[in-house]
1. Can you tell me how many residues in the range 1-36 are modelled with pLDDT under 80 and touching a Gly at 6+ places or on another chain (Cβ under 9 Å)?
2. Within the range 74-94, take every residue that is open to solvent by 50 Å² or more (accessible area, probe 1.4 Å) and in contact with a helix residue (DSSP H, G or I) (Cβ under 6 Å, 6 or more places away or on another chain) and give me the one that is modelled with the highest pLDDT.
3. Which one is farthest from the chain's Cα centre (by Cα) among residues in the range 95-110 that are surrounded by fewer than 14 Cβ atoms within 10 Å (Cβ to Cβ) and either farther than 17 Å from F50 by Cα or at pLDDT 90 or above (or both)?
Amino acid sequence: MTDLSEDEQRAGFDAVKRVVANDVKFKARLGIGDDAYTSLKVGKGLRSLFDVSGAAASGAAAANSGWVVSTFFAKGWIATLFTGAAVTPPGWIAAAAIASGGACYGVARLFRSYSGNPPIFSGVHP
C-alpha cells in the first residue's frame with residue numbers, strides 16, 4: 001500500500017456525485033428503517049419551537065416594558081410619577097410577540113436554506 005498525500009486522497013473523490021444512490025435500500029440493508037432519524041428531527045423541531053417562543057416572549061416583554069409604556073401610552077403627570085399607572089394595550093403586546101416570533105422563524109429559515117449551498121466565494125460550485 002502506498003502512502004498518498006492529502007491532496008491525492010482528496011482528488012480521488014472529485015468524481016463522486018452521490019454517496020448513496022437509493023436511501024431506502026441503504027436503510028434496509030443497515031436495518032434502521034425509515035424512522036431512523038425521527039428522534040433527531042423531532043428534537044430539531046422542538047429546539048426551533050423553543051427558539052421562536054423565546055423570541056416571542058422577549059418581544060412581548062419589550063412591548064410591556066416601562067420605556068414603551070411611558071413613551072407611547074403614558075398621559076399626564078400621574079403617569080409620569082407612576083409608570084405602572086399606564087399599561088400597554090394587550091393587542092400591542094400580542095402584536096409584538098407575533099412580530100418578533102415571526103422574524104425569528106423567518107431568519108432561522110433563511111439561514112437553514114443557505115446551509116445546503118456552498119458559499120460563492122469558496123471556489124466550490126455544485
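The values are calculated or read from the model by the stated rules, or taken from the named source; none is laboratory data. From a predicted model like this one, the values you see are computed outputs, not experimental measurements. Because the Cβ atoms are built from the backbone with ideal geometry, glycine has one as well, and the counts that use them run over all protein chains shown. Heavy atoms of the whole protein, side chains included, go into the accessibility calculation; ligands, DNA and RNA do not. Shrake-Rupley method; radii C 1.70, N 1.55, O 1.52, S 1.80 Å.
1. 1
2. W92
3. I98
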